[in-house]
Amino acid sequence: RGAVQLKSQVWHGDFTLSDPSGRALTQAKLIHNGVTGIGGIGLNTGDLSFVEGGLQPGKLSPLAAMIGSPAKGQVQFQGGVDWTGAASTSHGVLDVKHLDFRSPAGPVKGLSGRVVLTSLAPLLAAPGQVLHADGIAGLAAVGATEVSFGLDEKAIQVGGASLALGGGTLSLRPFEIPFAKDAAWGGVADLTGVELRDLVEASPFGDRMDLKAKVSGEIPFSVSPQGLRVSGGALHAIEPGRLSIRREALSEVASDGGTPVAKAPALNTTDPLSDFVYQAMENLDFSALDAKVDSLAEGRLGIVFHIKGEHNPPTRTSSDIRLSWREIVGRKITQKLPLPSGTKVDLTLDTSVNLDQLLADFADYQKARGSAPVQPR
């Protein structure tokens, strides 16, 4: 709504732009010279507030679809469109003062930054735009986050990203996310000094194992309509750690390069070798840990650990093992033998998780948390 006046062949106008609910979004000023054909419209939103039950980013632009409701915070936009008789240009500056919202990765806290747009139609921004976030509460808690990016007509050009994770850093090398529907994209995530304990606790393994391991490495990944896939990921521990796996979690255990020596159906076996393997994995202090990470068939993520360390139970066990003559002569040991403390362990552990299902469950959980309350009839 507004008014336009013509004076000396120059048009002047002042308008208020509102959403369908009547909420004022921005003030617009028009000037156009009817003789030269030169003019423009300037836009200024002032402080634009997003509140639960009120104005939301997704109602303003399809490009804001990733900013899930309820979003809370303030932004400001200034820009405009200028024209001559032959061409037009547009520009803008978006200041994100503070914004909390739900994203596909989890709730985002404290998004802030400035984005300088070199065009509004199409939406373009030069590389080097930077946004910060105080944290993301996803599958694992992410601390301070910074993303550098640009926009062209076909893709978001991510120049790099840095996330505080597990006392270390997860960095993303430059990559592009195409706007085209169902287009595949990918990149490489670099981990530096990341403690895996919280990640394991948040995973399906959390109730079956404990892992204290600070790792570095790289995870190449791709994203397509088929899901998230990893190829050739490699991690290694940068300091000693500890692994504890409950017996009922083990489906197969292998040692000495992968030779099977025990399987889950034999949990009650009296075979001392099998029992030694379980004891070792229940209380293992390691000096070296390497992991290979690759996607498997049907959306599973496979992880092959190679671990070197020693058995270290809470209560120290003796290196002396006492056997009866019957057990020695008959070569059949019927008693349970404690694995001596300090026994050296070198094992390979091959495991996997249904990553597609895990991400789908997380997405459903996020959707349920962000849905509107059910109204009684």
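Students often get this wrong, so check it: of Lys154/Lys292; Lys59/Lys181; Lys59/Lys109, which have C-alpha atoms separated by over 24 Å? Beyond 24 Å: Lys154/Lys292. The slack between Ala234 and Ser318, meaning 0.36 nm per residue of separation minus the straight C-alpha distance, is 26.5 nm. For a modelled paramagnetic label at Ser224, 7 Å from Cα along Cα-to-Cβ, the residues of the stretch 166-200 in reach, with backbone nitrogen under 19 Å, are 175-189. Using the Cβ-Cβ distance between Gln74 and Ala184 with R0 set to 45 Å, the FRET efficiency works out to roughly 0.80. Out of the total accessible area of the stretch 8-124 (probe 1.4 Å, heavy atoms of protein only), what percent is carbon and sulfur? Carbon plus sulfur share of accessible area: 61 percent.
The residues of the stretch 28-169 have, on average, 50 Å² of accessible surface per residue, using a 1.4 Å probe with all protein chains present.
In a solvent-free Debye calculation with one equal scatterer on each Cα, what is log10 I(q)/I(0) for the stretch 1-120 at q = 0.10 Å⁻¹, listed in the order of the q values? Values returned for q = 0.10 Å⁻¹ are -0.39. Set against the 2.2 N^0.38 Å expectation for a compact globular protein, the stretch 60-108 has a Cα radius of gyration ratio of 1.57.
Based on the Kirkwood radius over alpha-carbon pairs, what is the Stokes-Einstein translational diffusion coefficient of the stretch 105-205 at 10 °C with 1.306 mPa s viscosity, in µm²/s? Answer, rounded: 107 µm²/s.
When Rg and the Kirkwood radius Rh are both evaluated on Cα atoms of the stretch 34-81, their ratio Rg/Rh stands at 1.18.
The values are calculated or read from the model by the stated rules, or taken from the named source; none is laboratory data. Note that the structure is a prediction, hence the values are computed from the model and not measured. Methodologically, a virtual Cβ is constructed for each residue, glycine included, from the backbone with ideal geometry; neighbour enumeration extends over all protein chains shown. Accessible surface areas use protein heavy atoms only, side chains included; no ligands, DNA or RNA. Shrake-Rupley method; radii C 1.70, N 1.55, O 1.52, S 1.80 Å.
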